[in-house]
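What follows is a short report on a single structure.
The values are calculated or read from the model by the stated rules, or taken from the named source; none is laboratory data. Because the structure is a prediction, the values reported are computed rather than measured. Here the Cβ positions follow ideal geometry from the backbone for every residue, glycine too, while neighbour counts run over all protein chains shown. Side chains included, ligands, DNA and RNA excluded: accessible areas come from the protein's heavy atoms. Shrake-Rupley method; radii C 1.70, N 1.55, O 1.52, S 1.80 Å.
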Amino acid sequence: MPRRFRVALVTGATRGIGYNVGKEMVKRMPLTTTYMTSRVNVAGFQSILGMQLGAAARDRAKFVRMDVRDLEAVNGMKEKIVKTFGGLDILVNNAGIYHVPDKSLSVFPKQVQEILGINYWGTKNVIGSFFPHFKPHSRIVNITSNLGHIMSVKNMEDELKEALRLRFNSCNNEFELDGLLLKFQRDAIQGTWRKEGWPSCGYTVSKMAINAYTRILQRQFDEDDREDLVVNAVYPCTKHSKIDQSDMKILDDEEGARFVFYMASVKPNSHGVFPRGAVIWNNSRVVDNREGFTYNNKHQVKLPLEIPQV
């Protein structure tokens, strides 16, 4: 049986976890072309990767400037990949931005607009553009955060936290979820977000939205005629210089990238064994709010010490 050539796309891939995820793919998947995008200048990164992994890596890695907020640029990337490869096998949505919350009325609405523009609406731009072109057995990973968990919300009463959790859990489709995020943006502009029960951290809301979107997207995949499409939201638990991670076991970027790579490249047809539409965080636990389902990845989906080339 001939070996199958594949194609992967990693957004936000010129530094940190994104760069290391792309690097892991280039290193471990010799029959895969990996596109690594960033909204900033990507000049020189292909040469750097070649020096780290060898000259052949330069042929398998393609650095492209692409802002996920720019739908024209996203569609251009999609058309290029579809024309060359017929579709997409692996997508890692890592592009994101964090601002230390500023509760002033002159700043907070701007923070919310930029954070949601990249973290939520930008992620949806990429998935929406590629949705018809995901190949059977495709794997999609949406990078999430510990701040996307309701327990991370500070200075909010428990009943308000529960109400916030229910807001996101009650969204049954993209239309409802989009409407919820648009309301948050309006409440931020009007200065009523705290009165309306929102936390004063746009990044937290954006990652809660990503977690809910992942659940909704998997439901769409399960109803699709294409076989074995899987999406999960993954928190790699790597260090973030601006986020409080004092209660977390922090991994270095390389180790976190290996975990994300595993989640993005697990073999086809792992029904009943591998999480689908779940939120995986702290590199050990999968939490799915549907019916209180919890999944201990540390014991049931072990990351191999030696990841085979695929």
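Please compute the length gained on full extension between Ser106 and Arg69, using 0.36 nm multiplied by the number of residues separating them and subtracting their Cα-Cα distance.
Here the segment from Ser106 to Arg69 would lengthen by 11.0 nm.
If packing is taken as the mean number of other Cβ atoms within 10 Å per residue, what is the order of 177-187, 204-214, 88-98, highest first?
204-214, 88-98, 177-187
Could you check the simple spin-label distance between Thr192 and Leu160, using points 7 Å along Cα→Cβ, in nm with one decimal?
1.6 nm
Run the accessible area of region 1-98 with a 1.4 Å probe and give the carbon-and-sulfur part as a rounded percent.
The computed percentage sits at 50.
Which of the peptides 162-170, 108-116 is most tightly packed, and how do the rest follow, judged by the mean count of other Cβ atoms within 10 Å per residue?
Values: 162-170: 15.0, 108-116: 19.7.
Listed from highest to lowest mean packing, they are 108-116, 162-170.
With a point put 7 Å past each Cα toward its Cβ, work out how far Asp59 is from Lys267 in nm, to one decimal.
Once both label points are built, they end up 2.8 nm from each other.
May I ask you to compute the full-extension gain from Gln46 to Lys80, defined as 0.36 nm times their residue separation minus their alpha-carbon distance, rounded to one decimal in nm?
That works out to 10.4 nm of additional length.
Considering only Cα-Cα distances, which of the following residue pairs are longer than 19 Å: Lys103/Lys154; Lys27/Lys83; Lys23/Lys135; Lys183/Lys207; Lys110/Lys183; Lys83/Lys135?
Lys27/Lys83; Lys23/Lys135
Can you divide the C-alpha Rg of region 67-216 by 2.2 N^0.38 Å and report the result to two decimal places?
1.10
Count charges around Met77 for me, please; just the other residues with Cβ under 12 Å from its Cβ, Lys/Arg as +1, Asp/Glu as -1.
Local net charge: +1.
For a protection proxy built on the mean count of beta-carbon atoms within 10 angstrom, sort 274-280, 67-73 highest first, please. Before the final figure, lay out the partial values.
Values: 274-280: 22.7, 67-73: 16.7.
Most protected by this proxy first, the peptides run 274-280, 67-73.
If you find the alpha carbon centre of region 188-208 and of region 1-80, how far apart are they in angstrom?
Distance between centres, Cα-based: 34 Å.
Search the structure for amide H atoms under 5 Å from the amide H of Val64, placed 1.01 Å from N in the peptide plane, and list their residues when 5 or more places away or on another chain.
Here the answer is Met36, Thr37, Ser38, since their amide H atoms fall under 5 Å of that of Val64.
Where does the charge balance sit around Val126 when Lys and Arg score +1, Asp and Glu -1, over other residues with C-beta under 15 Å from its C-beta? Each step should come with its number before you reach the end.
Details: positive: Arg39, Arg65, Arg69, Lys78, Lys80, Lys124, Arg139; negative: Asp67, Asp70, Glu72, Glu79, Asp89, Glu174.
Spelling it out: positives minus negatives among the neighbours equals +1.
Rg and Dmax of region 1-107, Cα atoms, in Å?
Values for region 1-107 (Cα only, Rg and Dmax): 15.5, 62 Å.
Determine ³J(HN,Hα), in whole Hz, for all residues of region 223-237 in sequence, where each value follows from phi through the Karplus function 6.51 cos²θ - 1.76 cosθ + 1.60 and θ = phi - 60°; x replaces Gly and Pro.
Per-residue couplings from phi come out as 8, 7, 6, 6, 7, 6, 8, 10, 10, 9, 9, 10, 9, x, 6 Hz.
In whole Å, what are the Cα extents of region 115-160 along the three principal axes, biggest one first?
Taking max minus min along each principal axis of the Cα atoms, region 115-160 gives 44, 23, 16 Å.
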